[in-house]
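A.B. asks: To start, I am sharing the structure in question, which I have written as structure tokens.
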Amino acid sequence: MPILFLLMHLDFPGLNAQKPYTLDDTLRGSITPQRDWWDLKYYALKVEVVPADKFLKGVNQIVYKKIKTGEVMQIDLQIPMEILSVEQNGKQLTFQKKGNNAYFINTDPSLKIGETGDIKVYYSGKPQIAKRAPWDGGLSWDTDSNGKTFAATSCQGLGASVWWPCKDHMYDEPDSMRIAVTVPDSLWDISNGRLEKMCLTNDGKRTTEWVVRNPINNYGVNLNIGDYVHFNEIFKGEKGDLTCDYFVLKENLEKAKNQFKDVSRMLQAFEYWFGPYPFYEDGYKLVEVPYLGMEHQSSVTYGNKFKNGYLGKDLSGSGWGLKWDFIIIHESGHEWFANNITYKDIADMWIHESFTNYSETLFTEFHYGKQAGEDYVIGTRKSILNDRPIIGVYNMNKSGSGDMYSKGGNMIHTIRHAINNDEKFREILRGLNSEFYHQTVETSQIENYISQKSGIDFSKVFDQYLRNTKIPELELKKTKKGYQYRWTNVVSGFDLPLKVKIDGKEQMIYPKDSRIQSISGKQLEVDRNFYITVKQ
């Protein structure tokens, strides 16, 4: 998800006063017994969009494997959308609505553990209209300069069930998916994966069928509807030829051909730092939409008005943020951290946003040099609020503070410099994308991997930056022979190696918790790359 511009920061989902948790929160945010007994294998989604009425109708075939005892299945679809009927093996199934958005369906009880079954869920309705996409989510409806429909979905946090029925929890992804979308024949739908076929009918409709050959998180599935034109290129990547397809409104074709040159630069930098693009089988697409943009898997959406920076602004204030298009770089970075490595619970959303925020720094460094990258990430510190912990509330679909962006990126930058070995740091980033390839993960897995591969126990560092709002403070006291130093404003046991210069000579020091330590020298300078404060 795109970082919020500083003036919008207070509107980040979850930053407002906490409302009491409800049954809907529990059903949406937890792995309920009605979700736990079955493993999602495949979706075949068919949907018709009627732009004149802002109306959708369709059917989703859900293929699943029974892995535990159970038969009542939870499928989610948010009001005002409605499930009309459910079918299995040619028979109608009974179901009951729970809360506002969950349906408990009585599936075939004869299915044995280890066997695979499927249901077909028929639905329709007018999905929620996004008020300020992509942060509140839903469908965005607009028109192009010729008055033709220009519409798209965005639903991270809110959930994919705002527009189609699914198992709307991030822990379980289908192994693959088919998406067939019908729109008026003057329009095109662009969705995830590769276009397998297109069909025009005599009643003035166009159906495009898209095949996704990789696991995909539910909010990554998208509709993008418009009078699109297409151009493409081939990127010579680590795994061979990667197709890059671009879809924009006709009026913006020439601007897009120039602005989208950042895609190949992005792929070059991120394959270096993170490893191969994770979805070669599905290709890479960049699709213009009527909102800012979003990280939909293999169908990244774009609405940055063909400007460098974030809508023409440099979020870092360093000048480097105006050298590239923020939405192309940030949202594409999510292909590695969000779509390849995906949080199981939105409380761990930092896994997506902190690493992707830092991808902006790594892109800048790759193309403009190490000092440029440092200037960029340090410049983003001005947007950090330290208002709430970055980790959210588990099992309630509640993310943490918006500090998961800039503070999270600076935490990773700090850890990198504590490791003090850029090649090892790069191996860790690439190793994360290999070890957790196409997986859903928890925070502990990411924390433990970094500590193990770096050889440094960063557990207290993660506690400090993810679960606490205090900035570590290094307290320095000048003595006759040098300096005394210790940590203050830290969690118990805080242990972060620091790079300093003593009389102009670079070295590492190892302050631990509040224990006072000493070092000789006339002048001590702390490396600026550590997100801490220094008290003389």
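A.B. asks: For segment 167-262, please list each of the strands (runs of 3 or more DSSP E) lying entirely inside it that holds at least 2 residues being acidic (D, E). Before the answer, list the steps.
C.D. replies: Numbers: elements: 176-184, 194-200, 205-212, 224-226, 228-237, 240-249.
Of the strands (runs of 3 or more DSSP E) lying wholly inside segment 167-262, those with at least 2 residues that are acidic (D, E) span 240-249.
A.B. asks: If we scan segment 463-471, do we find a residue that is crowded, with 16+ Cβ neighbours inside 10 Å, more than 20 Å from M404 (Cα to Cα) and in contact (Cβ under 8 Å) with a residue 12 or more places away in the chain?
C.D. replies: No, the conditions are met nowhere in segment 463-471.
A.B. asks: Would you point out the residue of segment 219-247, among those that are among the aliphatic types (A, V, I, L, M) and surrounded by fewer than 20 Cβ atoms within 10 Å (Cβ to Cβ), that is farthest from P127 (Cα to Cα)? So that I can check it myself, show each step before the final result.
C.D. replies: Let us first name the residues in segment 219-247 that are among the aliphatic types (A, V, I, L, M), namely 221, 223, 225, 229, 234, 242.
Going one step further and asking which of them are surrounded by fewer than 20 Cβ atoms within 10 Å (Cβ to Cβ), we end up with 229, 234.
Numbers: V229: 27, I234: 36 Å.
Top of the filtered list is I234.
A.B. asks: Still on this structure: Report, ordered by the first and then the second residue, all pairs with beta carbons closer than 7 Å, sequence separation of six or more or different chains, a first member in segment 177-191 that is without any contact (Cβ under 8 Å) to a residue 40 or more places away in the chain, and a second member that is surrounded by fewer than 20 Cβ atoms within 10 Å (Cβ to Cβ).
C.D. replies: As it stands, the answer is D185/L200; D185/G204; D185/K205; D185/R206, since those pairs meet every condition given.
A.B. asks: Sort out which residues of segment 468-490 are more than 24 Å from G521 (Cβ to Cβ) and out of contact with any Ser or Thr (no Cβ under 9 Å at 6 or more places or on another chain), and write them in order of number.
C.D. replies: N468, K470
A.B. asks: Output yes when any residue across segment 101-123 is assigned to a loop (DSSP other than H, G, I, E, B) and crowded, with 21+ Cβ neighbours inside 10 Å, and no when none is. Lay out the reasoning, then the answer.
C.D. replies: At the first step, the residues of segment 101-123 found to be assigned to a loop (DSSP other than H, G, I, E, B) are 101, 107-115.
This time we only want the ones that are crowded, with 21+ Cβ neighbours inside 10 Å, so: 107.
Checking segment 101-123: at least one residue is assigned to a loop (DSSP other than H, G, I, E, B) and crowded, with 21+ Cβ neighbours inside 10 Å.
A.B. asks: Moving on. What is the number of the single condition among (1) touching a strand residue (DSSP E or B) at 6+ places or on another chain (Cβ under 9 Å); (2) crowded, with 16+ Cβ neighbours inside 10 Å that Y437 does not meet?
C.D. replies: (2)
A.B. asks: Something else now. Out of segment 395-404, which residues are of a type outside the set (A, V, I, L, M, F, W, C) and farther than 13 Å from Y465 by Cβ?
C.D. replies: Hits for segment 395-404 are N395, N397, K398, S399, G402.
A.B. asks: Okay, next question. Does segment 71-96 hold any residues that are within 30 Å of the chain's Cα centre (by Cα) and part of a strand (DSSP E or B), and which are they? If you could, list the steps in order and put the result at the bottom.
C.D. replies: Keep residues of segment 71-96 that are within 30 Å of the chain's Cα centre (by Cα), which gives 73-83.
Correct list: M73, Q74, I75, D76, E82, I83.
A.B. asks: Starting from segment 491-508, take each residue that is within 23 Å of G521 (Cα to Cα) and list its partners that are of a type outside the set (S, T, N, Q) and surrounded by fewer than 11 Cβ atoms within 10 Å (Cβ to Cβ), counting only C-beta distances under 9 angstrom and pairs at least six apart or across chains.
C.D. replies: What qualifies is D495/Y510; L496/Y510; P497/Y510; L498/Y510.
A.B. asks: Of the residues L45, L77, L56, which single one is aliphatic (A, V, I, L, M), touching a helix residue (DSSP H, G or I) at 6+ places or on another chain (Cβ under 7 Å) and touching a residue at least 60 places away in the same chain (Cβ under 8 Å)? First the steps, then the outcome.
C.D. replies: Working: L45 fails: touching a helix residue (DSSP H, G or I) at 6+ places or on another chain (Cβ under 7 Å); L56 fails: touching a helix residue (DSSP H, G or I) at 6+ places or on another chain (Cβ under 7 Å).
From the options L45, L77, L56, the qualifying one is L77.
A.B. asks: Restricting attention to segment 210-233, which residues are of a type outside the set (F, W, Y) and over 30 Å from K344 (Cβ atoms)? First the steps, then the outcome.
C.D. replies: Quick first cut of segment 210-233, residues of a type outside the set (F, W, Y) only: 211-218, 220-227, 229-230, 232-233.
Selection gives I225, G226, D227, V229, H230, N232, E233.
A.B. asks: Inspect segment 400-407 for any residue being touching a residue at least 40 places away in the same chain (Cβ under 8 Å) and under 20 Å from D527 (Cβ atoms) and give the result as yes or no.
C.D. replies: Among the residues of segment 400-407, at least one is touching a residue at least 40 places away in the same chain (Cβ under 8 Å) and under 20 Å from D527 (Cβ atoms), which makes the answer yes.
No lab work stands behind these numbers, since they all come straight from the coordinates. These figures come from a predicted structure and were not determined experimentally. Note: ideal-geometry Cβ built from the backbone for every residue, glycine included; neighbour counts use all protein chains shown.
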